[in-house]
Structures are given as structure tokens and as C-alpha cells.
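The structure appears below as C-alpha cells.
The values are calculated or read from the model by the stated rules, or taken from the named source; none is laboratory data. What you see is a predicted model, and the numbers here were worked out from it, not measured in a lab. Ideal geometry is used to build each Cβ from the backbone, glycine not excepted, and the neighbour counts take in all protein chains shown. Heavy atoms of the whole protein, side chains included, go into the accessibility calculation; ligands, DNA and RNA do not. Shrake-Rupley method; radii C 1.70, N 1.55, O 1.52, S 1.80 Å.
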Amino acid sequence: MVDINKIRIEPPIINSSCAWASELAQLEELYNSPHTGAVTTRTATLDGFTEDSSHAVVFGHTSASTPNSYGYSPHPLSSYIRWTQSILSRGTNSKPFIISITSNTVNELSQMVEHIQELRRTLGDDSEGSPSRIAIELNTSCPNIRGKPPPAYSFTTLLPILEVLTHAYRADRTLTIGLKLAPYLASFQFEEVVESVASLSYDLEDGNRVNPFAFFTCTNTVGNSLFFAHQTTSSLGETNAYALGPILGGLAGEPIHALSLGNVYSFAHLLESHKDKAMREIKMIGVGGVMDKSGVQRMKKVGAAVVGCATLLGREGVKGFEKLA
Ligand SMILES: Cc1cc2nc3c(=O)[nH]c(=O)nc-3n(C[C@H](O)[C@H](O)[C@H](O)COP(=O)(O)O)c2cc1C
């Protein structure tokens, strides 16, 4: 059992935000599984993302890999709020939903956070005593949005957006907030993220020091990856065709496992040795290429409190989580 601020995750295995956590039926199945300790929804925008045939996922046939060119969910945040409310009001346990959202603008993000807070008030989720059943994950790292590189790669530009979440947390410390981060390659990038987030810590009246962010989810897919069609299970025998319409996409699954482990390790190390006590409270959700129990163990060994999977879910369905227990 792992507590992250006010949410409780038991078992500490979850799906990470993805195209297979997009529809009501998929979310219900994930919620009903005894092998998931929380359900993460596909990233929603305020009004829904315009999806077309260029947005797709393919499965590699020589490795458990999934290049994809998806943007965000076509369903607006209001759908996820309605679905989450409907599932949780029937649910009998404390399994939480991590609602993944994104926005580039302060106004829009403020509205989205307010909608989620309304849901939490309706569910009685904002009381001090019992565990909370709703958390927010801000996706800063989708590599597939044309003309908009992931803000996670220029982290200081994200500060106005992070201020919105800071403001929400200052008003209600029962709100659990996390950041979905990109895969980074150089040590200064990890330091920039950690120091930017540390700049948002503050002291409470009782002298306790807190940070608005309770978790980092690492990593998102590796952008600008390229698969040929013949490398995928949807191959029609062509040799030169590209697997994805936009040619480039975000890579997930086994080929990114080493990079994701390195990212979790780097963040965990920086956080646990941080001079700001509030930063030492931030927990890691390790995601990237976890396909079996040994992958879970590796993620835990490098500092993940909770382990998440997307490719496993896409390849094997919810029953894939059974083998991680
Ligand atoms: C088809 C697909 C869709 C995804 N959509 C999202 C998304 O909406 N939001 C998000 O934060 N991450 C998204 N991801 C990234 C996953 O959450 C995860 O970070 C990444 O796939 C690495 O984990 P894995 O190797 O277990 O797949 C998506 C991944 C895939 C494969």
C-alpha cells in the first residue's frame, strides 16, 4: 500500500494514461480489476482533442513496443468527470482515479482544475479524514502535438501553469497533484525540473514545509521515433512504408525501459537527497517498458513507489496486470 498525499494505491500497480484508458467501458474494467491500485485516465483537454486518421498506434512485432501518433483524448474533461463520478459513486473501495489533464493556458487550466474540484466536493473527496479518490496528473510531455513541443523540455516555461496547480493546492491541501514528465537524456534536465518544482515549496503556519506536487510520473513516450510498417504487426508486407501516418511518433514499451529506469533513478536520487524537506516527500510513479514482474522489481529498486504500464495494457488487456502481482 502506498499513500501519495491523500490517495492510497493498493496494490501499487496502475495503468498509466493512454489510449486504452479512454472510454467509459475501459475505465470501468480497469477500476474493477483487483490487480490495479488506481486508474489513470487518458489525457483530457477542456474541449476535447480533434482526432483523425493520422492519430494511431501500432505494435512492434519483434519487441513489445508501441509507437503512437496520438494527441490527447477526443473526449473533453467533462466526459471523464461524468464517468469518474458514475464509477466512484457505485464503487465500494477507496481505489482512486488519477485524472490526466493538459492545457497551455492559465485560464483554461484554472477552469479544468475547478471542474475537478467540483467533482471532489460532490463526492465528499475533500474531507481531511478519509483517503481521497481523485488526483490530478498534469501531462507536460506528449511528443505528438504538431507545432507544440512538450513543455517538459523547457521546464521553466511551465512555471505559470504550475502556479495554477500551486494555487489550487494552497486552497485545498487534500488535493493530490502530480506531473507526467518526459524522458530526459542529460543530468542538467533532471536538475532543472527538480529546482523548478522546489521553487514552489512553501511554509505552513505551523512551520511545516510543503510542496504542491505529490508525485512525478516518469516517463512518457520517446518522441521523434520512427518505425517502418514491416516492423509492426499490422504489416501488409510493404518494405518501405512508414508505420505511422505522420512518420514520427512517440515510442513506448520494452525499447524505452532502460531510459525510463534511468529517469526514475535520477529523479529519485535528486529528490531523496534534496535539502528542501518538502521535496523529499515527492513520490515516483515509474512507467516505461514494464511488461512483467521483473520489470516491476527493477522500477521499485530504482526508486518507484508505484509502477505504471500502458503498452502491457494495450497488448494484453487488463488481465495483463495479473502477472505483475
Ligand atoms: C497509445 C498510447 C497512448 C498514450 N496516451 C497518453 C496520454 O494520453 N497521456 C499520457 O500522459 N501518456 C500517454 N501515453 C504514454 C504512457 O502513459 C506511458 O508513459 C508510455 O507509454 C510508457 O509506458 P509503457 O512502456 O508501459 O507503454 C500513451 C502511450 C501509448 C502507447
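Can you give the direction-averaged projected area of the convex hull of the alpha-carbon atoms in the chain, in nm²? Walk me through the numbers before you get to the answer.
On the way: hull surface 62.4 nm².
Here the figure is 15.6 nm², rounded to one decimal.
For q = 0.12, 0.15 Å⁻¹, what log10 I(q)/I(0) does the stretch 175-325 give under the Debye formula with an equal point scatterer on each alpha carbon and no solvent?
Relative scattering, expressed as log10 I(q)/I(0), comes to -0.59, -0.83.
Counting only GluC sites (Glu not before Pro) that sit in a DSSP loop (anything but H, G, I, E, B) with at most 16 other Cβ atoms within 10 Å, what is the longest stretch of the chain containing none of them?
Within the chain, the longest run free of exposed GluC sites (Glu not before Pro) spans 239-325.
Which Rg and Dmax, in Å, describe the Cα atoms of the stretch 77-213?
Here Rg and the maximum Cα pair distance are 15.8, 46 Å.
Ignoring ligands, DNA and RNA, what accessible area per residue does the stretch 35-154 give at 1.4 Å, in Å²? Please report the intermediate quantities before stating the final value.
Numbers: 4800 Å² over 120 residues.
Dividing the accessible area of the stretch 35-154 by its residue count gives 40 Å².
Amide H neighbours of Gly253 under 5 Å, at least 5 residues apart or on other chains, H built in the peptide plane: list them.
Hits under the 5 Å cutoff: Thr66, Gly289, Thr311.
Under 5 Å between amide H atoms, partner at least 5 residues away or on a different chain: which partners does Phe228 have, H built in plane at 1.01 Å?
For Phe228, the qualifying residues are Ala243.
Beta carbons within 10 angstrom, averaged per residue: use that to sort the peptides 297-303, 259-265, highest first.
Details: 297-303: 18.4, 259-265: 22.9.
Output ranking for 297-303, 259-265: 259-265, 297-303.
Note the per residue figure in Å³ for the convex hull of the C-alpha positions in the stretch 77-150. All intermediate terms of the calculation are to be shown ahead of the outcome.
Numbers: hull volume 7.6 nm³, N = 74.
Dividing the Cα hull volume of the stretch 77-150 by its residue count gives 103 Å³.
Please give me, ordered by residue number, the chymotrypsin sites (Phe, Trp or Tyr not before Pro) of the stretch 145-245 that lie in loop per DSSP and have at most 14 other Cβ atoms within 10 Å. All intermediate terms of the calculation are to be shown ahead of the outcome.
Numbers: sites: Tyr153, Phe155, Tyr169, Tyr184, Phe188, Phe190, Tyr202, Phe213, Phe215, Phe216, Phe227, Phe228, Tyr242; in loops: Tyr184, Phe213, Phe227.
The qualifying sites: there are none.
Got a sec? Which residues in the stretch 17-51 would a label at Asn104 touch, if it sits 7 Å along Cα→Cβ and we count backbone N under 16 Å?
Taking a point 7 Å out along Cα→Cβ of Asn104, the residues of the stretch 17-51 whose backbone N falls under 16 Å are 45-50.
When the accessible area of the stretch 88-203 is split by element with a 1.4 Å probe, what percent falls to carbon and sulfur?
Numbers: 2460 of 4890 Å².
With neighbouring chains kept in place, the figure for the stretch 88-203 is 50 percent.
Roughly how many Å² is the accessible area per residue of the stretch 270-325, as a whole number, for a 1.4 Å probe? Mind showing how you got there, number by number?
Values: 2450 Å² over 56 residues.
Heavy-atom accessible area per residue stands at 44 Å².
Nearest 5 is fine: what % of DSSP beta bridges in the chain come out antiparallel, could you say? Before the final figure, lay out each step's value.
On the way: 13 of 41 bridges.
Percentage antiparallel, nearest 5: 30.
Add -39500 (n - 2.57) for each DSSP H run of 4 or more in the chain, then divide by its residues: what number comes out at 222 nm, to the nearest 500 deg cm²/dmol?
Values: 8 runs with 97 residues, N = 325.
Calculated mean residue ellipticity at 222 nm is -9500 deg cm²/dmol.
Measure off 7 Å from each Cα along the Cα-to-Cβ vector at Leu204 and Lys148, then give the distance between these two points in nanometres to one decimal.
That separation, rounded to one decimal, is 3.5 nm.
May I ask for log10 I(q)/I(0) of the stretch 16-102 at q = 0.13, 0.14, 0.26 Å⁻¹, from a Debye sum over the Cα atoms as equal point scatterers with solvent left out?
-0.45, -0.52, -1.28
Report the extension gain between Phe228 and Thr92 in nm, rounded to one decimal, defined as 0.36 nm multiplied by the number of residues separating them, less their alpha carbon distance. List each step's numbers first, then the result.
Values: separation 136, 0.36 × 136 = 48.96 nm, distance 4.61 nm.
Value of the extension gain: 44.3 nm.
Going by amide H atoms built from the backbone, whose H comes under 5 Å of the H on Asn15, apart from near neighbours?
Ala38, Thr40, Cys309
Give me the extension gain from Asn32 to Phe188: residue separation times 0.36 nm, minus the current Cα-Cα distance, reported in nm with one decimal.
Numbers: separation 156, 0.36 × 156 = 56.16 nm, distance 4.11 nm.
This chain segment gains 52.1 nm when fully extended.
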